Amino acid sequence: MNDSIWCGIYCFIRDNAAILVAFMSFVVSVLALRYTVRAGKKEQEHKELSVKPFICLLKKPQPTGEFQCIIENNGIGPAIIKRVIYYWLDEEFDSCEKFWDAFIHFVRGKVSIGFRNVARSVINKDVVLKEGANMNIVKGELICSNKAEFKTFINFFNGIRIRVEFQDLYGNEFLFDTSKKIINEQICKKD
């Protein structure tokens, strides 16, 4: 019985060799096409990752009284800024000027300090932040008479939060968001 099965298989292959070769060729070509498509997708993912921007927020208060709040792109590719939202306490601001005015008003209500050489940035839509580049949100100099006031300002300054919506070169959207982080409620409490 085993011989008849093998004989039947052999006869089938012999009589249909052209069809079997064509079928196997079709299967191999479909598998090759599938592999090529998957490899192409992996290569595209790799390319996108190789130019992915990474936005971070740096706050740099100096003991000399100088201070800076900076958005920096630490990624490999450029970041195309779509929107920046600033947060102070429970308020949301769509412009740096409005945000800074609210911040200063709050700080001056708590401590007697002054500011000079303050520069605020206007970050327009579609501004490109190249890899390794940074952009000041605000910078200036603090005028205060003692270290306690300076430390209080630092605590307020560290409570600044932002949300940056940006894209990479491929149009993929990303979000950098510190708006939901809890800040020191003892210091930054509204009266």
Seminar exercise, completed: Cα-Cα longer than 31 Å, checked against K98/K147; K52/K139; K98/K151; K59/K125; K82/K110, kept in input order, equals K82/K110
For this session: Quote the relative contact order of the chain in percent (integer), defining contacts as alpha-carbon pairs under 8 Å separated by 6+ residues.
Result: 23 percent
For this session: Could you compute the FRET efficiency for E97 and V127, with r as their C-beta to C-beta distance and R0 at 22 Å, rounded to 0.05?
Result: 0.85
Problem set entry | Charge dipole magnitude, Cβ of K and R +1, D and E -1 - the stretch 2-50, Cα centre, debye nearest 20 | 200 debye
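Expected output is a single nm value to one decimal: the length gained when fully extending between R38 and V21, i.e. 0.36 nm times separation in residues minus the C-alpha distance. What is it?
Length gained, R38 through V21: 3.6 nm.
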Exercise. Which net charge results when you count Lys and Arg as +1 and Asp and Glu as -1 among the other residues whose beta-carbon is under 10 Å from that of V51?
Worked result: -1
Exercise. Dividing the Cα radius of gyration by the Kirkwood radius, what Rg/Rh value follows for the stretch 2-50?
Worked result: 1.42
Problem set entry | Estimated dipole of the chain in Debye, rounded to 20 [Cβ of Lys and Arg +1, of Asp and Glu -1, Cα centre] | 480 debye
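Diagonalise the Cα gyration tensor of the chain and give the resulting equivalent ellipsoid semi-axes, square root of 5 times each eigenvalue, largest first, whole Å.
66, 17, 13
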For this session: Return a whole-number percent for the relative contact order of the stretch 87-146, with Cα pairs under 8 Å and 6 or more residues apart as the contact set.
Result: 36 percent
Exercise. How far is it, in nm, from the label point at A119 to the one at M135 when both lie 7 Å from their Cα along the line to the Cβ?
Worked result: 1.5 nm
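Since every read-out is calculated from the coordinates, none of them should be taken as a lab result. Everything numeric here is computed off the predicted structure, so don't read it as measured data. Note: ideal-geometry Cβ built from the backbone for every residue, glycine included; neighbour counts use all protein chains shown.
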